[in-house]
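Written out below as structure tokens is the structure these notes cover.
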Amino acid sequence: MKRIKVEKKLLSTNQQIAEENRRLFKEKGVAVFNLLSSPGSGKTSLIERTVSHLQGRLRTAVITGDLQTDRDAQRIARHRVSVKQITTGGACHLDASMVRKALPFFHIDELDLLLIENVGNLVCPAAYDLGEDAKVTIMSVPEGDDKPLKYPVMFRISEVLIINKVDLLPYTDFDLGQAIKYARQINPAIKVFETSCTTGAGLEDWLRWLEGRVNRLSGATKK
Ligand SMILES: Nc1nc2c(ncn2[C@@H]2O[C@H](COP(=O)(O)OP(=O)(O)OP(=O)(O)O)[C@@H](O)[C@H]2O)c(=O)[nH]1
Ligand SMILES: [Mg+2]
């Protein structure tokens, strides 16, 4: 009983800070996307592909959440983009106050887009709003096509689903149609992109959608 009360309090404090973050992002005209997936589905790979495409098109920064290491931040920094690592020290998710503390690292007035790589986990990050505009869940072919049914909360609260590693489809029993059907069973409005961060297949559609969305969100404030 006591544990439930403490958890509820933590979540409501998180929600307040998330709303403060959201207000700040809106005021500054920064579009923010929270990237979620199991470990290894391709969050960092997608960010690397995305920031390298957006170079000179949108002013982008990245926050990466990791339990222990700064390996992802090092990979992303190679693309000459501003990146701030949050090491959670064991926590299986980012929370809104961690994001707030990371913000002074950036010149937020000069940003159009902030991508946040959450800790690899399809469960606990779902409970923590960070103040983002949208959650993007990535699932990958080797994980199996039933993930939307097994982890429904994550798919319900996401605006976008990226099915990554489609280059591996010929080597698995992953059924693309079935995966999309399961995802839409949980969230009929979810927008789906099929990608391979290795070959580059399908990335154009994702990048076009992202750019359009960022221009709508940040352009409205910055005009
Ligand atoms: N075949 C194939 N491999 C991929 C693809 N995308 C990423 N990978 C590989 O999958 C592995 C994990 O990719 P990451 O981008 O590190 O995944 P992540 O979700 O950031 O992982 P965590 O941060 O540990 O949760 C790496 O070896 C990538 O090269 C893809 O589209 N196809
Ligand atoms: Mg990563």
- Query: How would you classify the range 61-158 from its alpha-carbon gyration tensor, with a ≥ b ≥ c the square roots of the eigenvalues: rounded for a/c under 1.5, else prolate if a/b is greater than b/c, otherwise oblate?
  - Reply: prolate
- Message: If I take R0 = 25 Å and measure r between the Cβ atoms of Arg23 and Thr88 in this structure, what FRET efficiency does the formula 1/(1 + (r/R0)^6) give, to the nearest 0.05?
- Response: 0.55
- Query: If you take the beta carbon distance between Gln68 and Trp209 as r and set R0 to 45 Å, what does 1/(1 + (r/R0)^6) give as a FRET efficiency, to the nearest 0.05?
  - Reply: 0.85
- Task: Could you tell me which of Asn121, Thr195, Gly89 has its Cα farthest along the dipole of the range 2-217 towards the positive end, charges placed at Cβ (Lys, Arg +1; Asp, Glu -1), taken about the Cα centre?
- Result: Gly89
- Task: Calculate the dipole size of the chain relative to its Cα centre from +1 charges on Lys and Arg beta carbons and -1 charges on Asp and Glu beta carbons; express the result in debye to the nearest 20.
- Result: 700 debye
- Along the dipole axis of the chain (charges at Cβ: +1 for Lys and Arg, -1 for Asp and Glu; origin at the Cα centre), the most positive-end residue among Ser158, His53, His79 is Ser158
- Assigning unit charges at the beta carbon (Lys, Arg +1; Asp, Glu -1) and nothing else, what dipole magnitude in debye, to the nearest 20, does the range 75-150 show about its Cα centre? 360 debye
- Message: Out of all DSSP beta bridges in the chain, what portion is antiparallel? Express it as a percent rounded to 5.
- Response: 0 percent
- Item | Positive-end extreme of charge dipole, the chain - chosen from Leu130, Thr13, Val62 (charges on Cβ) | Thr13
- Distance in nm between Gln185 and Asp146 label points, each 7 Å along Cα→Cβ, equals 1.0 nm
- Message: Can you give the Rg/Rh ratio of the range 149-207, where Rg is from the C-alpha atoms and Rh is the Kirkwood radius?
- Response: 0.97
- Message: Using 22 Å as the Cα-Cα cut-off, could you pick out the over-long pairs in Lys28/Lys84; Lys5/Lys135; Lys150/Lys181; Lys2/Lys135; Lys5/Lys150?
- Response: Lys5/Lys135; Lys2/Lys135; Lys5/Lys150
- In the range 79-172, the trypsin sites (Lys or Arg not before Pro) that sit in a DSSP loop and have at most 11 other Cβ atoms within 10 Å of their own Cβ are Arg80
- Query: Full extension from Lys2 to Arg78: what is 0.36 nm times the residue separation minus their Cα-Cα distance, to one decimal in nm?
  - Reply: 22.7 nm
- Task: For the range 110-147 and the range 57-98, compute the distance between their C-alpha centroids and round to whole Å.
- Result: 13 Å
- Anyone know which of Asn14, Asn34, Asn118 comes out most mobile in the 10 Å Cα GNM of the chain? Asn14
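No value in this document is a laboratory result; all are computed from the given coordinates. None of the values given here were measured: they were computed from a predicted structure. Cβ sites come from the backbone with ideal geometry, for glycine too, and all protein chains shown count toward neighbours.
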